[in-house]
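Laboratory data are not the source of any read-out in this text; all were calculated from the coordinates shown. Fair warning: this is a prediction, and the values are worked out from it, not measured in the lab. Quick reminder, even Gly has a Cβ in these numbers, built from the backbone with ideal geometry, and neighbours come from all protein chains shown.
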Amino acid sequence: MSQTQLDLAAAHRWALSAHALLDEACARINELNVFPVPDADTGTNLFLTFDGALQYVRSHDSLMSEPLTLAQGLELLSRGMLLSARGNSGVILSQLAAGMSEEVARSQEASGGVVTELDAPMLAAAFERAADLAWAGVARPVEGTILSVARAAAQGSRAAADEGQDLHEIAEAALRAGSDALSHTPEQLPNLARAGVVDAGGAGLLLVIEALEGVLTGRSAQDARRVPTWWTEEIAHRPPEANVAIAVDGDSHCDHSDGTFEVMYLLEGSDPESAQRLLQHLVRVGASVLVVGGPTQWRVHVHLDDPRQALEAGALAGRITHVTTSALTPSGGAEPHEAIKTAARPGVGVVACAAGAGLASAFSRAGAETVKSHVGARASTGQLLSAIRAVWATDVLVLPNDPDTILVAQAAARAARNEGLSVHVLPTRAAVQGLAALAVWDPQAPVESALEGMAEAAGEVTYGSVVQAGESGQTPAGRVQRGQWLGFVSGEVVAVSKDQGQALKKVFSAAEVAHAGPVEILTVIAGQPAEFDVAEPRVTKWGKGHPEVSIEWLTGGQPTFAWLVGME
């Protein structure tokens, strides 16, 4: 039997059901990615976004002396999804919760009372707000993606609301319209058409809408893990051979008079690097800070005015349990994050994403705060926000070094700016661009000057890569068989070869043609799959033909990509 209202309990069931569906369909969503390389983690990103959001909500339960209101619950879920968002699709998905949260807040403000459920018009408005937020958040929106599905779902829900339909019928209309839009994504993106698949992010969004429709239908909890029929009929099918390629421990200070509250908890599943970052942040927002233990379990203690800051920071570093919060003598109550503003050192700091230990070491030596981020384990918004907070500088620049982490970096920057921090994103798409930007970084320069100089240096780099094909298919450089090596330059396939060294050689040639002006520096970064014995002779031979070029080698340690190349 369908429901006529969406209250806090129903919203909770929706989140759990969406989490279960994304868990069940994770691998199949990953398979929809059109690149025949193991760079397909859309399903993983969507699942981890919801998983982290639920952990975030649970971490705040101990602070609530009274039951949550609908507005509070949706605000926590929205904040949790934003902080846990991974990949561009995860950021866009988080806008659905944001749309609901903002619509409830708007209704409460307009009515002057407490809103206990979303009615039909409010749900339609939430879908519209979610789509608006998603489209506005992308610098260059593309049709045929999750954005198209979000917009269609919003249009479907609005049409149903205008016809006076009930809550369940509006969710059903959003699902139908979104499903129809998803089926047309191959017509909008040639890459999808050649692969015989639909957009992976859009498919994941539909599963989340499916979960909402299921809750409003009143389907049993046992059905929560069952991938719906439309998936089997419209998404899971693909033609044979259709997988086509393109396109801390640390010091503490113990002035117990500082802070209004004492917060203590156990942090589990956090490595020493994350624990150290948590320590740095807590020292800036509180007093009497302790982060002790290791290597994966830490005891945390802090005095501060807003306990939520301590819990949020801990939830970003790992899983928090055994939380206790006690009131202390009021200390005057500084504004939230005022400590960050006053403690910041003049100058420009940098946060850089690194796909491997060698790259992380190189970025760290250059002075950047690093965040681990690679295929299958890309950095979340919350992880980047945590790193931003840990940089003791007046201004912070973020280098995502990956096209699928740019939106995440921008979301983290917005969240940091809401806390009063000055943060800018330099949208680097490759590690070699990040290294070039750091080479000209002047921490003492005005932020506008630093950003301009680093952007210019990154923009002068032509980047490429060599990666093993995970599937067979057709590419602009010829047909590729699973296990062969693909060469990319600026995201486009330029080489197919059985030999890793030969693919690397073709990347050099294509990058040289694509590069504007003479090449002065060639950077070659070896990843975990690198075969030095076949690749090194190719590099040496190329270097002999280009004696004017300085060749720089780096063991990056990145998974997936055997070689990363930069010409500048």
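Starting at the first residue of the range 168-173, write each ³J(HN,Hα) from the Karplus equation 6.51 cos²θ - 1.76 cosθ + 1.60 with θ = phi - 60°, in whole Hz, x for Gly and Pro.
Rounded to whole hertz, the list is 5, 5, 5, 4, 5, 5.
Mind listing the phi-derived Karplus ³J(HN,Hα) values for the range 96-105, rounded to whole Hz, using 6.51, -1.76 and 1.60 with θ = phi - 60°, and x for any glycine or proline?
5, 5, 4, x, 5, 4, 5, 5, 5, 4
Check the chain and count each lysine pair with an alpha-carbon distance under 19 angstrom, considering only pairs eight or more places apart or from different chains.
5
Scan [x] 0.90; [y] 1.00; [z] 0.94 for the value of Cα Rg over 2.2 N^0.38 Å calculated from this model and give just the label.
Structure-derived value, by its label: [y].
Please report, in whole Å³, the volume per residue of the convex hull around the C-alpha atoms of the range 468-568.
Spelled out: Cα convex hull of the range 468-568, divided by residues, is 90 Å³.
If packing is taken as the mean number of other Cβ atoms within 10 Å per residue, what is the order of 417-429, 379-391, 111-123, highest first?
So the peptides 417-429, 379-391, 111-123, ranked by packing, come out 379-391, 417-429, 111-123.
Of all DSSP beta bridges located in the chain, what percent are antiparallel, nearest 5?
70 percent
Show me the ranking of peptides 21-32, 543-554 by mean Cβ neighbours inside 10 Å, starting with the highest. Don't jump to the answer; show the numbers that get you there.
On the way: 21-32: 20.5, 543-554: 11.8.
The densest-packed peptide leads the list: 21-32, 543-554.
Can you tally the net charge around P400? Count Lys and Arg as +1, Asp and Glu as -1, for every other residue whose Cβ sits under 10 Å from the Cβ of P400.
Local charge sum for P400: 0.
When all alpha-carbon pairs of the range 344-459 are counted, what percent fall beyond 24 Å?
On the way: 823 of 6670 pairs.
Result for the distance tail: 12 percent.
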